[in-house]
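Student: Got a structure here, written out as structure tokens. Questions coming.
The values are calculated or read from the model by the stated rules, or taken from the named source; none is laboratory data. The model shown is predicted, which means the values in this text are computed figures rather than measured ones. Every residue, glycine as well, gets a Cβ built from its backbone with ideal geometry; the counts of neighbours run over all protein chains shown. Each accessible area value is taken on the protein alone, full model and side chains, heavy atoms only, with ligands, DNA and RNA left out. Shrake-Rupley method; radii C 1.70, N 1.55, O 1.52, S 1.80 Å.
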Amino acid sequence: MSAKTKSKSHKLGRPRDQRRALIKSLADSLILDESIETTLPKAKAVARYTEKLVGKAKKSQDSLHRRRQVIAGLNTLEAAHKLVDEIAPVLSGRNSGYFRVERLGYRQGDNAQLAKVSFVDELKHPNNTKTEKPTKSATTEDKKTADEPKTAAAPKAKVQSAKSQPKSAVQAPKRSGVRGNR
């Protein structure tokens with residue numbers, strides 16, 4: 001009789017292909033939104049999976065093969081490029097432990113333990129910190145257009161064009177019945 005070994009991965013009550021798709025989509029959301037709320041077992045599974053992806057993304061700065069592995073591990077190219085180009089350079093000072101799993105409470109319907117997964121370090125993006133202030137010329141142009149009276153010529157044109165069309169060009173509403181449109 002052979003000794004049974006415990007599985008290293010969370011099963012999450014799903015077949016293998018569904019489990020992989022679930023974890024990929026959760027990892028995709030985690031990277032794009034930078035934090036997600038889900039059940040505790042899913043949170044632990046996605047944190048473990050995404051830790052490995054971040055490690056590959058950090059090494060992918062000089063390797064096309066690693067970048068392609070990261071792309072294969074996520075659902076969208078947008079998430080993969082964000083991970084490699086924006087997040088991995090910010091996390092370069094840390095060797096592991098990129099994510100924090102915080103227990104939140106219990107879900108009302110089925111009393112499942114909820115958890116929040118987020119990055120440990122604050123991800124500051126230099127592109128998002130800049131806020132564009134409108135120039136004075138743009139604000140004065142907006143005020144000029146707001147002060148001008150609106151002309152009512154456009155609605156009259158619509159009414160005249162509807163009157164000038166022959167009756168055959170105007171379509172009758174379609175009938176919706178049990179047997180469809182006859």
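Student: Pairs please, first residue from the range 82-100 and touching a residue at least 24 places away in the same chain (Cβ under 8 Å) and under 15 Å from Glu51 (Cα atoms), second anywhere and open to solvent by less than 10 Å² (accessible area, probe 1.4 Å) and among the aromatic types (Phe, Trp, Tyr), Cβ atoms under 7 Å, 6+ apart in sequence or on different chains.
Tutor: Leu91/Tyr98
Student: Quick check on the range 95-120: of everything there that is part of a strand (DSSP E or B) and among the polar types (S, T, N, Q), which residue is surrounded by the most Cβ atoms within 10 Å (Cβ to Cβ)?
Tutor: Ser118
Student: Please give the helices (runs of 4 or more DSSP H) falling wholly within the range 1-85 in which 2 or more residues are over 17 Å from the mean Cα position of the chain (by Cα).
Tutor: The qualifying helices (runs of 4 or more DSSP H) are 16-33, 40-59, 64-73.
Student: Then there's this: So which residues in the range 64-81 are open to solvent by 70 Å² or more (accessible area, probe 1.4 Å) and out of contact with any helix residue (DSSP H, G or I) (no Cβ under 8 Å at 6 or more places or on another chain), if there are any at all?
Tutor: Within the range 64-81, Leu64, His65, Arg68, His81 meet the criteria.
Student: Restricting attention to the range 38-46, does a residue exist that is touching a Ser or Thr at 6+ places or on another chain (Cβ under 8 Å), surrounded by fewer than 20 Cβ atoms within 10 Å (Cβ to Cβ) and closer than 23 Å to Leu123 by Cα?
Tutor: No, the range 38-46 contains no residue that is touching a Ser or Thr at 6+ places or on another chain (Cβ under 8 Å), surrounded by fewer than 20 Cβ atoms within 10 Å (Cβ to Cβ) and closer than 23 Å to Leu123 by Cα.
Student: Collect the residues in the range 82-94 that are open to solvent by 30 Å² or more (accessible area, probe 1.4 Å) and either within 21 Å of Lys24 (Cβ to Cβ) or among the basic types (Lys, Arg) (or both), keeping them in residue-number order.
Tutor: Passing the criteria: Lys82, Asp85, Glu86, Arg94.
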